[in-house]
Amino acid sequence: MKIRLLLLSALIATLTAGCTWVKLTPQGEEARVLKPNQVASCKPMGTTTVQVAATVLGVPRPRRDVEHDLQALARNAVQNAGGDTIVPEGQPVDGRQTFAMYRCINP
């Protein structure tokens, strides 16, 4: 029984390793990710909080993949809000992260 559980866990980890599920829209591809000190001359557009699965069947997804998906969702969202730039506010927690949105091009 322990061996089956171990093999199942290894299989799930292998299948989810390197998986990113969120695709950038064409508009989201144009959005930038900057640091707070790089948006001083930009117009604030509010914030967006996005969330993705941090685990799959109880197995944690790689942090890099979670962060990639969160940024992709936020980049898609900023374009829908009329902005062009996002800035992460803190680190992801349980697959959830808040981003500040800005319009930096033609503010």
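Computed from the coordinates by the stated procedures, all read-outs in this text should not be read as laboratory data. Predicted, not measured: the structure shown is a model, and the values here were computed from it. Note: ideal-geometry Cβ built from the backbone for every residue, glycine included; neighbour counts use all protein chains shown.
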Selection count, the stretch 39-64, where residues are out of contact with any Lys or Arg (no Cβ under 9 Å at 6 or more places or on another chain) and either loosely packed, with under 15 Cβ neighbours inside 10 Å or without any contact (Cβ under 8 Å) to a residue 12 or more places away in the chain (or both): 10
Give the residue that is surrounded by the fewest Cβ atoms within 10 Å (Cβ to Cβ), with candidates limited to residues of the stretch 81-107 that are without any contact (Cβ under 8 Å) to a residue 24 or more places away in the chain and of a type outside the set (A, V, I, L, M, F, W, C). ASN106
Name the single residue that is farthest from GLU67 (Cα to Cα) among those in the stretch 81-107 being of a type in the set (Gly, Ala, Ser) and in a loop (DSSP other than H, G, I, E, B). GLY82
Name the single residue that is nearest to VAL56 (Cα to Cα) among those in the stretch 73-104 being in contact with a helix residue (DSSP H, G or I) (Cβ under 9 Å, 6 or more places away or on another chain) and among the aliphatic types (A, V, I, L, M). LEU73
Among the residues of the stretch 48-73, which ones are assigned to a helix (DSSP H, G or I) and not charged (D, E, K, R)? VAL66, HIS68, LEU70, GLN71, ALA72, LEU73
